[in-house]
Amino acid sequence: MASSLLSLRHINPPLRVAQTSVRYAAREVNTSDPRTDIIRRVLYPSNLRNRASPVGNWRPDVARRLQRAIPSVQAHETIERAWLLHQRHVRKSRQSELDRKFQCMRTAMEKLRELDLQRYRAANELEDPRARSEEELELLKTAKAPEKKAMEARIRGLFPRELRVPTETPSRDGWNYDWVPPSRPTQ
Amino acid sequence: MFAIRQARRSGISALRARGNATLQTPETVDHSSTPAPPLVQAVEAESSTKPAASNANEALEDDEPKKRKGPYKFWPTTRPSISLERPREYNRPIGVGVLPAYDEALAYIKRDSSRLSAELTHCKTQLEAAEKEGNASEVERLKEKVKILEVQSEINLPSVRWKARNGLADMSKPVYRHLLEQRWREEGDLDLLMERIHQMNVVPDMLPSLHPSFDLRLNFPEPPPEDIRLRTRVKRKYEKVEPGVYLLPEQTRKPPMMYATVFHTDTRLYTLLMVDLDVPDPENETFQSYLHWMHPNIPLSSSTTAITLQGTHTKYIPPHPQKGTPYHRYVMLLVPQTGEQPIEVPHFSESDRLGFDYRDFAATYGLDASQGGGAHMWREVWDETVTKIYQDVLKTEEPVFGRMPKVDYYKEMKKVKKYI
């Protein structure tokens, strides 16, 4: 599974190339003046290599951690393939379901075209999503700003959005059983 | 008794010494809080202790030596000696329960494989029925489906993938042919070959287009050992040749061992050609080709591994790059023959070899390298061995090439006295 020419493995770069002999501690000296401390830390930063650097530019423990995470290359490859296979199956099933629904819709429209051309044309007409009925325009005049925004953003075909934020307890006014959604214009 | 003392810093090293910083001297080190950084050897020892149930795939990873003496050397990896003659059984890479994700993945893959195998048997019965009926388009569609299913049903199985990686591929099965072809095409071998062929300008110089369809591997004996004493005492092993590298004339004295991984099941006929592209042509002040080896009508299919030649057609003459010429490119081609019937090529005599025109030859005998085939190339430079080749094999005087002597325009003027 390795990639391209490097998988031929003729090149093995050395693991450690340069090494200084002098090691500076991170915080050792306690002086009264914190300024000299800061200057010293800037000029002579710690080069003790005890643990991996926090920003990630020196990570000697990578080999051990990789070995722990991926103990076997073959097992890793098998898991990767199985997961991608599963994803492919899910994707395929979703796509085929969608295709089936589309085909059903298409055959239904074909039948409608054969039966009633006028109704077929009516079913195929495009709708202006920004069109509003008179009722809705009246409501918009008296509505508050967030309600107005929600009405204008309402898209036909989607589940109607409720303006209220869901709360844990019901409102003081109770549930409005007589609420009717504003009617959409029919053409 | 001498005590080892640290030398005092003086001169330039004194200037480099940073006296203001606190140094981590042995007295100030607190071993409990800051452990010493791990050594390079320790990391290698850790990585070499792998789980007990490790198979040959693990051995394919770097086998670095435990201790390195002297300067760092690039250590080439060696493949384990697994082949169809010395097969090894496939084992799980890790035990049951070590990685639950692996066990789950394996179960999923096996379920998918059995489902696809069932679909494959169903498809095959359908294909038989369609063949009996004689419905051509249906037969073709079902054949394609059978091909795809044969590969898909086994390609995810780890045992199959391991065998394909480790030289145990059964070329009669489409899965293995697919995996090997995928490996050759996508993991760099074909790319390297084509890179070298195009960079060395083999393609416009010798042929207009070359699209290899199978993996041709050449093995020449290794170069002589550096120790002069061992040169006649050690038997030289045959090593594989990377396309485009320099070889010594003594390595190419004898014909190479050729191996091919062919991906088509039907037997097709190929013509073997070995051509030197850089033989100087002093009369025309240019370069010409020389045919070193030719052998037509070689049958190859997925069941052939080593290329064995029946008899000799145009015998092998070892490469002999002339002294004074720049490097010579040698191209080995296995070109597919377009016709079904074997072609009748007349034997090339010694005089016909020089000035060999591949394009002419291919047009005459119906050879098309853009339709497939195998290719390889290497380069050579003059050596004292070439003198021996001219004496023993070619039995002609060795030519030496060089620049033309510079024309001296003032030759006559130099004879005449200028200042009287």
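Quick notes on this one:
- Matching residues in region B:93-115 - criterion: being touching a residue at least 40 places away in the same chain (Cβ under 8 Å) and under 37 Å from the mean Cα position of the chain (by Cα): B:P93, B:I94, B:G95, B:L106, B:I109, B:K110, B:D112, B:S113
- Residue among B:R231, B:R253 that alone is out of contact with any Lys or Arg (no Cβ under 6 Å at 6 or more places or on another chain) and free of Cβ contacts under 8 Å to residues at least 60 places away in the same chain: B:R231
- Residues (outside any loop (DSSP other than H, G, I, E, B), more than 27 Å from A:V29 (Cβ to Cβ) and open to solvent by less than 100 Å² (accessible area, probe 1.4 Å)) located in region A:39-77: A:V62, A:A63, A:L66, A:Q67, A:A69, A:V73, A:Q74, A:A75, A:H76, A:E77
- Failed item, numbered, when B:E384 is tested on (1) open to solvent by 70 Å² or more (accessible area, probe 1.4 Å); (2) of a type outside the set (K, R); (3) closer than 17 Å to B:V279 by Cβ: (3)
- Any hit, region B:116-137, residues being touching a residue at least 24 places away in the same chain (Cβ under 8 Å) and within 14 Å of another protein chain (Cβ to nearest Cβ): yes
- Taking helices (runs of 4 or more DSSP H) as the structural unit, those lying wholly within region B:143-215 and holding at least 3 residues that are basic (K, R) correspond to B:158-165, B:174-186.
- For B:A101, the conditions (1) at pLDDT 75 or above; (2) open to solvent by 80 Å² or more (accessible area, probe 1.4 Å); (3) more than 16 Å from B:R161 (Cα to Cα) are fulfilled apart from (2).
- Residue in region B:304-323 that is nearest to the chain's Cα centre (by Cα), counting only those that are farther than 26 Å from B:P346 by Cα and at pLDDT below 95: B:T305
- Residue in region B:238-249 that is within 26 Å of B:I389 (Cα to Cα), over 19 Å from the mean Cα position of the chain (by Cα), at pLDDT below 95 and assigned by TED's automatic domain parsing to the domain that holds B:P326 present: no
- Positions within region B:355-404 being in contact with a Gly (Cβ under 6 Å, 6 or more places away or on another chain) and of a type in the set (F, W, Y), in sequence order: B:F401
- Candidates B:K388, B:K406, B:K414 - the one that is outside any helix (DSSP H, G or I) and either more than 17 Å from B:V203 (Cα to Cα) or modelled with pLDDT of 95 or more (or both): B:K406
- B:R359 of a type in the set (K, R) and surrounded by fewer than 14 Cβ atoms within 10 Å (Cβ to Cβ): yes
- Residues of region B:165-183 that are within 14 Å of chain A (Cβ to nearest Cβ) and open to solvent by 10 Å² or more (accessible area, probe 1.4 Å): B:R165, B:L179, B:Q182, B:R183.
- Residue count for region B:250-294, restricted to those that are open to solvent by less than 20 Å² (accessible area, probe 1.4 Å), under 20 Å from the mean Cα position of the chain (by Cα) and over 30 Å from B:D170 (Cβ atoms): 6
- Tally, over region A:83-94, of residues that are of a type outside the set (D, E, K, R) and either touching a residue at least 60 places away in the same chain (Cβ under 8 Å) or open to solvent by 100 Å² or more (accessible area, probe 1.4 Å) (or both): 1
- Count - residues of region B:346-385 that are part of a loop (DSSP other than H, G, I, E, B) and among the aliphatic types (A, V, I, L, M): 1
The values are calculated or read from the model by the stated rules, or taken from the named source; none is laboratory data. Note that the coordinates shown come from a computational prediction; the quantities given were computed from them, not determined experimentally. Note: ideal-geometry Cβ built from the backbone for every residue, glycine included; neighbour counts use all protein chains shown. The accessibility values were calculated without ligands, DNA or RNA, using every heavy atom of the protein model including side chains. Shrake-Rupley method; radii C 1.70, N 1.55, O 1.52, S 1.80 Å.
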